[in-house]
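The values are calculated or read from the model by the stated rules, or taken from the named source; none is laboratory data. Treat the numbers as computed from the prediction; the structure is a model and nothing was measured. Here the Cβ positions follow ideal geometry from the backbone for every residue, glycine too, while neighbour counts run over all protein chains shown. Note: accessible area is taken over every heavy atom of the protein model, side chains too, but ligands, DNA and RNA are not part of it. Shrake-Rupley method; radii C 1.70, N 1.55, O 1.52, S 1.80 Å.
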Amino acid sequence: MSLSTDDVRHVARLARLALTDDEVQALRGQLSDILAYAEKVGEVATANVPPTSHPYPLRNVWRDDEPRPSLPPAEAVAAAPAAQDGRFSVPRIIGEPV
Amino acid sequence: MSTTTALEQATRFEAVIGLEIHVQLATRTKMFCSCAIDFGGEPNTRTCPVCLGQPGTLPVVNRRAVEYAIRLGLALGCQIAPSSQFHRKNYFYPDMPKNYQISQYDVPICLGGELTVATDAGERRVGITRVHMEEDTGKSLHVLDTTSGVGVDPAEGLRVTRISDADYSLVDYNRAGIPLLEVVSEPDIRTATEAQAYLTELRAIVLALGISDAKLEEGSMRCDANVSLRPVGHTVFGTRAEVKNMNSVRSLGRAITYEIARQTDLLTRGEPVVQETRHWNEATGTTSTLRVKETTEDYRYFPDPDLVPVQPDPAWVDELRASLPQLPAARRARLVESLGLSGQQAAGVVGAGLAPLLDEAVAAGAPAAEAANWLTNEVTAWANERGVEPAAAPLTASHLAELTALVADQTLSKKLARQVLDRVLAGEGPPREVAAARGLAQISDTGELERAVDAAIAADPAAAQRVRDGNRKAVGALVGAVMKATKGQANPALVNELLTGRLTAPDG
C-alpha cells in the first residue's frame with residue numbers, strides 16, 4: 001500500500017509534527033515500506049486465525065478493590081518540568097482539544 | 001396556498017437523538033491502579049506512577065469495576081461479551097498524562113440491550129448499543145499569568161479563565177483513572193421529554209444497582225446528546241451535533257429543545273448543520289461550538305498491549321444475574337399492584353429512591369398512598385432545596401407512620417402536619433413530640449371552636465347573611481376568619497360544619 005502526501009500530512013498533524021515538504025516525501029516512502037512489510041502478514045493469515053493483540057495466553061489479570069497509599073504529592077509532581085501549588089503546569093493549550 | 005410558515009416547515013422535521021451517558025463508578029480505587037477514590041482534597045494527592053503514566057508501569061484492572069459493568073449490562077438486558085478488550089484512545093490534551101485514555105473500542109464488555117421508558121405518549125423502548133469501560137480524565141484549570149499584575153482570586157491565588165484566553169494550564173490528576181462506564185443508546189429517542197425520561201430511568205437503575213452515586217450536578221453522571229434532524233418519514237440520518245455539559249435532567253431537556261430549534265432554523269433556511277461538538281451554556285440557555293469533531297480514525301485506537309482480555313467466567317455472570325436487586329420498573333409495578341399507588345406516585349417514590357422507606361412506613365401502619373404523597377411532595381422538595389438525596393432525609397418509617405396517624409385522628413390538619421414534618425426534618429424529634437412542643441395540635445375542641453365561630457359571625461354579619469341566603473360559597477370567608485383567629489390550628493372540617501350548622505339552622 002502506498003501512502004499519499006496528504007496521508008502523511010494528516011498523520012503528522014495528529015502527532016503534532018511539523019514536517020517540511022522534503023520530510024513529507026521521505027516519510028511517505030518510508031511509511032509505505034513499513035505498511036508493505038506489514039501487509040506480508042496478510043498473505044499468510046488464514047480465516048481460522050483470530051486477530052491476536054497479545055502473544056500470551058493470559059486473561060483476567062485483575063486485582064481486588066483495595067486502596068493502597070498514593071505518592072506523596074510533592075513526589076507526584078517532582079518529575080514534572082513545571083508545577084504550581086501541587087498541580088502540573090502545562091503550556092498554553094492551543095488548537096482544539098479532541 | 002403556496003407559502004409555508006417556519007412553523008409548518010418545522011413540523012416537517014423529526015429529531016433523532018442518541019445519548020452517551022458516563023457513569024462514574026463507586027469503587028474504592030481507580031480503574032487501573034490502587035489509588036483511593038475520594039472527592040475534594042488537595043490536588044495530586046491520589047496519584048501514583050500508574051495513573052500518572054510514568055514509564056515502566058503497568059495498569060491492572062479493578063475486578064470490582066468489571067463486576068459493576070456486568071451488573072449494569074445485565075440490568076439493561078445486554079449480552080456480556082465472553083471476551084472484551086481495552087484499547088488506547090490517542091489524543092493530545094493534558095487531561096490525561098499518557099496522551100491516551102484507556103477505553104474499549106470494538107469489543108466492549110456489554111452489547112445490545114434496551115431500556116423501556118414511560119413517556120406521555122406511552123411506553124417507549126430505547127435500544128442500548130453498548131456499555132463500555134474506560135478511565136476518567138484529570139481536571140484542568142486554565143489560568144492567566146498573574147505576575148503581570150492582573151487580579152488574583154484570593155481563594156486560589158489563581159486567575160482562572162477560559163481555555164482560549166489562558167496563559168497556561170494547571171492539571172490535577174486525582175480524578176484521572178477513576179472507572180467510568182459509558183452507556184451508548186441507539187438513536188431511538190425523538191423528543192427532549194423522551195431523552196429526559198431515558199436519563200432519569202438509567203439513573204434510577206444505576207442507583208438501584210448501587211454502582212454509582214449518579215449525581216448529575218456533581219459530575220458523577222454525565223450526559224452528552226447527539227442530536228440531528230431529518231424530514232419526517234425519511235430513514236437516512238441528518239448531520240448531528242453532539243451537545244455536552246448538561247448537568248441536570250432539566251438542562252438536558254432545555255439543551256435538546258434549543259438544539260432542535262437551532263437545527264430546524266438552519267435547515268429551514270437551507271443552510272447545513274455542521275458535525276461538531278457543542279457546549280451547552282446553562283446561563284444563556286444556548287449551545288455554542290466547542291470543537292469541530294475529529295473522526296474516530298483520528299483517535300488511532302489500538303489494543304492496549306499492557307492489558308490482557310477480560311473473559312468473565314459464565315458462572316460469575318450467572319451469579320451476578322441472580323443477585324441483581326429489584327429494578328425500578330419492577331419496583332414501580334410492585335408499588336402499584338401491592339400497595340395500590342398510582343403510577344405517578346410509584347414513579348415518584350422509586351425515582352426518589354424512597355421505596356424502602358415507604359415499605360417500612362407501611363409495615364409500621366402508614367396508609368400507603370398518603371405516605372407516598374408526603375414522600376414525593378414534602379420530603380423530595382426538602383431534599384431538592386438542599387441538594388441532597390431524598391433518602392438521606394432524617395425521617396424514619398416510624399416518623400412517617402406517626403405523622404399519618406396524627407392526621408387520621410385529626411390531631412393535625414394537613415397544613416399543620418406539613419409544619420410538623422418540616423420540624424421533624426429539621427431534626428426536632430418525632431412528630432408527636434414536635435406537635436406538642438410547638439403547640440401545633442389541631443383544635444377539635446367544639447367548645448373552643450364554637451366561640452371562635454360566633455366571633456367570626458359577629459365580625460362579618462354581611463357574609464353570615466349571604467350564607468343564610470343560600471350562598472354556600474360565602475362560608476369560605478368565615479372559615480378563613482376562624483382559621484386566622486386560631487393561627488391555623490382549627491380543624492377546618494369541623495369549623496365548616498359548625499358554621500353551616502349555625503347559619504342554616506331554622507332559627508339561625
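Quick look at the numbers
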{"quantity": "Of all residues in segment B:150-168 being touching a helix residue (DSSP H, G or I) at 6+ places or on another chain (Cβ under 9 Å) and of a type in the set (A, V, I, L, M, F, W, C), the one that is modelled with the highest pLDDT", "calculated": "B:158"}
{"quantity": "Qualifying residue in segment B:21-30 (condition: open to solvent by 10 Å² or more (accessible area, probe 1.4 Å), out of contact with any helix residue (DSSP H, G or I) (no Cβ under 6 Å at 6 or more places or on another chain), modelled with pLDDT under 95 and under 30 Å from residue B:201 (Cβ atoms))", "calculated": "no"}
{"quantity": "Criterion violated by residue A:63 - all others in (1) farther than 30 Å from residue B:52 by Cα; (2) modelled with pLDDT of 90 or more; (3) more than 19 Å from the chain's Cα centre (by Cα) satisfied", "calculated": "(1)"}
{"quantity": "Test: residue A:10 is part of a helix (DSSP H, G or I), within 11 Å of chain B (Cβ to nearest Cβ) and surrounded by 11 or more Cβ atoms within 10 Å (Cβ to Cβ)", "calculated": "yes"}
{"quantity": "Residue within segment B:389-397 that is within 24 Å of residue B:492 (Cα to Cα), at pLDDT 90 or above and open to solvent by 10 Å² or more (accessible area, probe 1.4 Å) present", "calculated": "no"}
{"quantity": "Leading residue by the ranking (nearest to residue B:222 (Cα to Cα)) among those in segment B:251-310 that are more than 9 Å from chain A (Cβ to nearest Cβ), of a type in the set (Asp, Glu) and in contact with a Phe, Trp or Tyr (Cβ under 9 Å, 6 or more places away or on another chain)", "calculated": "B:259"}
{"quantity": "Those helices (runs of 4 or more DSSP H) lying entirely in segment B:315-383 with at least 1 residues more than 19 Å from the chain's Cα centre (by Cα)", "calculated": "B:328-339, B:355-363, B:368-374"}
{"quantity": "Residue in segment A:40-51 that is nearest to the other protein chains (Cβ to nearest Cβ), counting only those that are open to solvent by less than 100 Å² (accessible area, probe 1.4 Å) and outside any helix (DSSP H, G or I)", "calculated": "A:50"}
{"quantity": "Search result, residues across segment A:71-84 that are outside any helix (DSSP H, G or I) and open to solvent by 100 Å² or more (accessible area, probe 1.4 Å)", "calculated": "A:81"}
{"quantity": "Pairs where the first residue, in segment B:86-108, is within 9 Å of chain A (Cβ to nearest Cβ) and the second is in a loop (DSSP other than H, G, I, E, B) and basic (Lys, Arg), C-beta under 6 Å, 6+ apart", "calculated": "B:90/B:300; B:92/A:16"}
{"quantity": "Any hit, segment B:485-498, residues being farther than 30 Å from residue B:401 by Cβ and either surrounded by 19 or more Cβ atoms within 10 Å (Cβ to Cβ) or modelled with pLDDT of 80 or more (or both)", "calculated": "yes"}
{"quantity": "For residue B:423: the one exception among (1) surrounded by fewer than 17 Cβ atoms within 10 Å (Cβ to Cβ); (2) assigned to a helix (DSSP H, G or I); (3) charged (D, E, K, R)", "calculated": "(1)"}
{"quantity": "Among residues of segment B:33-47, those that are open to solvent by 20 Å² or more (accessible area, probe 1.4 Å) and not small (Gly, Ala, Ser), counted", "calculated": "6"}
{"quantity": "Verdict on residue B:49 being in contact with a strand residue (DSSP E or B) (Cβ under 6 Å, 6 or more places away or on another chain), facing chain A (nearest Cβ under 8 Å) and either polar (S, T, N, Q) or part of a loop (DSSP other than H, G, I, E, B) (or both)", "calculated": "no"}
{"quantity": "Which listed residue, of B:97, B:82, B:55, is out of contact with any His (no Cβ under 9 Å at 6 or more places or on another chain), open to solvent by 20 Å² or more (accessible area, probe 1.4 Å), farther than 20 Å from residue B:172 by Cα and part of a loop (DSSP other than H, G, I, E, B)", "calculated": "B:82"}
{"quantity": "Unique residue being open to solvent by less than 60 Å² (accessible area, probe 1.4 Å), closer than 29 Å to residue B:84 by Cβ and among the charged types (D, E, K, R) when the list is A:87, A:68, A:63", "calculated": "A:63"}
{"quantity": "Residue check for residue B:199: under 24 Å from residue B:324 (Cβ atoms) and in contact with a Cys (Cβ under 7 Å, 6 or more places away or on another chain)", "calculated": "yes"}
{"quantity": "Residue match in segment B:43-52 (condition: among the charged types (D, E, K, R) and modelled with pLDDT of 95 or more)", "calculated": "yes"}
{"quantity": "Subset tally (residues that are in contact (Cβ under 8 Å) with a residue 40 or more places away in the chain, under 21 Å from the mean Cα position of the chain (by Cα) and open to solvent by 40 Å² or more (accessible area, probe 1.4 Å)) for segment B:120-144", "calculated": "3"}
{"quantity": "Checklist (1) more than 8 Å from chain B (Cβ to nearest Cβ); (2) open to solvent by 80 Å² or more (accessible area, probe 1.4 Å); (3) farther than 16 Å from residue B:51 by Cβ applied to residue A:92, failing item", "calculated": "(1)"}
{"quantity": "Hey, residue B:214 in a loop (DSSP other than H, G, I, E, B), assigned by TED's automatic domain parsing to the domain that holds residue B:240 and modelled with pLDDT under 95 or not", "calculated": "yes"}
